[in-house]
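The values are calculated or read from the model by the stated rules, or taken from the named source; none is laboratory data. In this text the structure is predicted, and so the values were computed from the model without any measurement. So basically every Cβ, Gly included, is an ideal-geometry build from the backbone, and we count neighbours across all protein chains shown. For the accessible areas, the whole protein counts, side chains as well, though only heavy atoms, and no ligand, DNA or RNA atoms are used. Shrake-Rupley method; radii C 1.70, N 1.55, O 1.52, S 1.80 Å.
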Amino acid sequence: MPEEESRKVVLDRSDFGTWYNDVIELANLSDKRYPIKGMNVWTPYGWKIMRLIDSAIRRECDATGHGEVNFPLLIPKTEFQKEADHIKGFDSEVYWVTHGGLDELDVPLLLRPTSETAMYPMFSLWVRSHNDLPLKTYQIVNTFRYETKMTRSFIRVREIHFFEAHTCHADAEDAERQIREDCAIMDRVARDLCLPYLLVKRPDWDKFAGAVYTIGVDTVMPSMRTLQLGSIHQYHENFSRPYDIKYEGADGEHHHVHQTTYGMSERLVGAIVGVHGDDKGIILPPKVAPIQFVIIPILAKGKTEMVLEEARRLKEEVSAMGYRVHLDERDQRPGSKHYDWEIKGVPIRIELGPRDIEAGTLVFARRDLSTKRTVSRSDLRSETRRAMDDIEVELSGRARSILDNGVRFAGSPEEYRKLSHEGWDGVVKANWCGEMGCAESMERALDRTFLGYPLSDSGEVETSPGGCYECGSPTDKIVLLSRSY
Ligand code: ZN
């Protein structure tokens, strides 16, 4: 059997769960064979995607005056235990280090599940006066959570590639300003990834352990289940009191700081894979593609050297324009090469053969549409830019329709039944009176859990007058319920 046929694996995105696992393996983004469940090995290709996403996050944090820090992985139990709600939230997920060599440690240490309890004892030393505020920091590190549910690459893991921003402010108003800035950062990063999302204020029973409130950033996968991409937390003084983070104000008095945090992880990679991919493999948004252009020389007898030389020249030119470009010189048939780069989601394939060279043309093949276009070699600069822009528009548009189709309003059980009969399985938007009894009944009846209150782009809680889905009482509270990863 020819090589390319023997390697062909059928990818079928209508069975999303299987497709997701298969495509990650075929595109070689991560290796699951490491002997600890949920601690996967990043391959060079997968890690490069993650690093490009990290660069976008760093760019935004640096531009908004955050300083990058790097705190220790180990946290003493004594520090971890200072904030009661936080301990309750993480107690069952923590990995403990109890021994150093053969000696049992006096104070057990834990692997950070998140870094509040590592950072805040230091913040209490760093913050002295109002001149030290706002203190805006972030780090991109690995964190650890003992996950007991079924793990899934990039989506549910035990070693997490984590971005966490931690800030301190003089007052609640400045902390609120920070939350709005976090939303703006999210917007700019998500644009690079061509990922639309919902901003959702979590219900009180589902907020982050120790937070006053939590805003979840959720996207909708093609399976219509939601995936949390990030979360933004308002702490007020909940941590600054137990950790004693105080500043001397202009009034000469000492005040506790107000704090916020913002977290994201490799789930962004999971969302890119899930939202943009198709039956041929993954499709990478140009800004985070490790290879944006792959050049495939079409070699003909007697003209091999000539084509290769021209292909190498082309590679230099595209590279000089600031793009990440790869020339595939492997001794393989073009069809087999196409197959490989399609699986890996390279946005544009450039084909170059003897006839193209004679005619002064190139063939641009788009991964997202599977279309080919002959372009003039002399228009290389404008054509490369246009190709990148067009792919971003196409991917964002498709992702937007997945999300739009994935959220529907149901005013009553009858309306919901109609949606289910159509086979629709997405996020239900409904009125809710605010009673816990109704919330529990709604979760059971809809077989979904409360995602929370939808927020507008400007961060206002959306309202709309209607009757509670369960009891019919008039209310303008709107909630989202979903099946989530
Ligand atoms: Zn009700």
Self-check item: Net +/- balance of residues flanking residue 19 in space, Cβ distance below 12 Å, scoring K and R +1, D and E -1
Solution: -4
Quiz item: Could you give the accessible area per residue of region 333-446, probe 1.4 Å, as a whole number in Å²?
Solution: 48 Å²
Self-check item: Cα gyration tensor shape of the chain, rounded if a/c is under 1.5, else prolate or oblate by comparing a/b with b/c
Solution: prolate
Quiz prompt | At most 12 other Cβ within 10 Å, DSSP loop - GluC sites (Glu not before Pro), region 209-268 | solution = 253
Practice problem: Show that you can apply the helix-only estimate: for the chain, add -39,500 (n - 2.57) for every DSSP H stretch of four or more residues, divide by all residues, and state [θ] at 222 nm to the nearest 500. | Solution: -11000 deg cm²/dmol
Practice problem: With θ set to phi - 60°, apply the Karplus curve 6.51 cos²θ - 1.76 cosθ + 1.60 along region 128-144 and write out the HN-Hα couplings as whole Hz, x wherever there is a Gly or Pro. | Solution: 10, 10, 4, 5, 7, 10, x, 9, 10, 10, 8, 9, 10, 9, 8, 10, 10
Quiz prompt | Label-point separation in nm, residue 64 to residue 394, each point 7 Å along Cα→Cβ | solution = 3.2 nm
Quiz item: How big is the charge dipole of the chain about its Cα centre, in debye rounded to the nearest 20, if each Lys and Arg gets +1 on its Cβ and each Asp and Glu gets -1 on its Cβ?
Solution: 1600 debye
Self-check item: Accessible area of the chain belonging to carbon and sulfur atoms, whole % at 1.4 Å probe
Solution: 49 percent
Quiz item: Taking region 105-185, which trypsin sites (Lys or Arg not before Pro) meet the DSSP loop condition and have no more than 13 other C-beta atoms within 10 Å?
Solution: 128, 149
Quiz item: Taking Cα pairs under 8 Å and at least six residues apart, what relative contact order does the chain come out at, in percent?
Solution: 14 percent
Practice problem: Please list 445-457, 93-105 highest first by mean number of surrounding beta-carbon atoms within 10 Å per residue. | Solution: 445-457, 93-105
Quiz item: Helix 16-26 versus the longest principal axis of the chain: what is the Cα-based angle in degrees, 0 to 90, to the nearest 10?
Solution: 60 degrees
Quiz item: What is the helix-to-structure angle for 436-446, meaning the angle in degrees between its Cα long axis and the longest Cα principal axis of the chain, kept from 0 to 90 and rounded to the nearest 10?
Solution: 20 degrees
Quiz prompt | region 407-482: relative contact order as a whole-number percent, Cα under 8 Å and 6+ apart | solution = 38 percent
Quiz item: Angle between the Cα long axis of helix 304-320 and the longest principal axis of the chain, 0 to 90 degrees, nearest 10?
Solution: 30 degrees
